[in-house]
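Each remark here refers to the structure printed beneath this line.
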Amino acid sequence: MLRLILIGLVALFALGCGGAAGFTTVQGTVTYDGKPLTNGYVTILPDGEGESASGQIGSDGRFTLTTFSPNDGVKPGKYKVRIASYLSEAKMNDPSSGKPAIPDKYFDVAKSGLTVTIEGKSQTLDLNLPKE
């Protein structure tokens, strides 16, 4: 019994230290008009069956994608991308109350026009949004 508990703890520790088995560790930066976004989220949704993943955008524009638990990564495949970022913070329960930092189309996965293919053990995504 103790042996099974130790094996379970080792497995949990291993998952916390990097991507989950069969998942790709994905980190990157998101910029608009050449400048890093300073807040918000990057979300990817599978092009078909599967799980979405998301990551919070830091003050330097960097993000790390997570599917189930911190740093677990993303299942390889094709994804559509949605980015949400605000110049002024949205009020609780009213996301439309904030002033967007990017064009509205990037907030909608069906309109953003952004797609990515996730593959390998680790991948860097640099999402450069042009000013319109």
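The values are calculated or read from the model by the stated rules, or taken from the named source; none is laboratory data. These figures come from a predicted structure and were not determined experimentally. A quick note on method: Cβ atoms are made from the backbone with ideal geometry, for glycine too, and the neighbour counts reach across all protein chains shown.
Listed values, structure above:
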item: S88, sole failed condition from (1) closer than 14 Å to Y41 by Cα; (2) in contact with a Lys or Arg (Cβ under 8 Å, 6 or more places away or on another chain); result: (1)
item: Qualifying residue in the stretch 55-74 (condition: modelled with pLDDT of 95 or more, of a type in the set (D, E, K, R) and farther than 13 Å from L125 by Cβ); result: yes
item: Index of the failed condition, S52 passing every other in (1) out of contact with any strand residue (DSSP E or B) (no Cβ under 9 Å at 6 or more places or on another chain); (2) at pLDDT 95 or above; result: (1)
item: Subset of the stretch 113-132 (residues that are under 18 Å from A101 (Cα atoms) and either without any contact (Cβ under 8 Å) to a residue 12 or more places away in the chain or among the aliphatic types (A, V, I, L, M) (or both)); result: G113, L114, L127, L129
item: Any hit, the stretch 105-117, residues being in contact with an Asp or Glu (Cβ under 9 Å, 6 or more places away or on another chain) and assigned to a helix (DSSP H, G or I); result: yes
item: The stretch 42-82, residues that are over 11 Å from the mean Cα position of the chain (by Cα) and at positive phi; result: G48, G50, G61, G77
item: Condition broken by S122, with the remaining ones in (1) within 16 Å of T24 (Cβ to Cβ); (2) surrounded by 11 or more Cβ atoms within 10 Å (Cβ to Cβ); (3) touching a Phe, Trp or Tyr at 6+ places or on another chain (Cβ under 9 Å) satisfied; result: (3)
